[in-house]
Each structure stands twice: as C-alpha cells, then as structure tokens.
Amino acid sequence: MAALFVLFILLIGIGCTVLWIYCIVDIIRADFKGDSDKVIWLLLIIFLPLIGSILYMTIGMKQKIHENIL
C-alpha cells in the first residue's frame, strides 16, 4: 500500500514538472499582446510553479497573439 502511495505522489510530481516545462517553453516561443506580458508570466511561473502554470493555462493563453498559418 505504501508503494502505491509513493507511485501516486511520483506521478503527480512528474505531471507538475512536465506542465511547468511546457508552460515555460510556450511562453518563450509565443508573442504576446503587451510588451511586458512575457516577462511577467515567466517570473510568475518560475517563482510560483504550480499556481503560475495553472494561471497561465487559464488566463495567459488568451493573451497570446495567434497567427493564421495559411
């Protein structure tokens, strides 16, 4: 039972790390509407990894400039 709990915690930790890295890479590659939005999102995600990543996925994705690829 203890091994199952450790595995569960390990999977949650890996998932949070993957989300954190994805958000950092997405911010670096994206263009934002505001001049300082990129820096603010990076600082938020670096100093508050889980909360910052969740906020970026819900709020920050809408602030990016989306270009049509045609």
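None of the figures in this text is laboratory data; all of them are computed from the coordinates on show. Because the structure is a prediction, the values reported are computed rather than measured. Positions of Cβ are backbone-derived with ideal geometry, glycine not excepted, and every protein chain shown enters the neighbour counts.
Pairs of Cα atoms nearer than 8 Å and 6+ residues apart set the relative contact order; for the chain it is 32 percent. When percent of Cα pairs over 18 Å apart is computed from the coordinates, the matching label among [x] 53; [y] 68; [z] 44 is [z].
Each of 33, 64 was scored by other Cβ atoms within 10 Å of its Cβ. Arranged with the fewest first, they read 33, 64.
As a rough footprinting exposure proxy, the listed residues 36, 53 were ranked by other beta carbons within 10 Å of their own, and the order from fewest upward is 36, 53. Taking amide H as placed 1.01 Å from N in the peptide plane, residue 32 has its amide H under 5 Å from the amide H of 65, each at least 5 places away in sequence or on another chain. Working note: Karplus 6.51/-1.76/1.60 with θ = phi - 60° gives region 23-31 the couplings 5, 4, 5, 5, 5, 5, 7, 8, 9 Hz, where Gly and Pro are set to x. Gain on full extension, evaluated as 0.36 nm per residue between residue 63 and residue 33 minus their Cα-Cα distance, stands at 10.2 nm. The phi torsions of region 53-60, fed into the Karplus equation with coefficients 6.51, -1.76 and 1.60 and a -60° offset, translate into couplings of 5, 5, 5, 5, 5, 8, 10, x Hz, rounded to whole numbers, with Gly and Pro shown as x.
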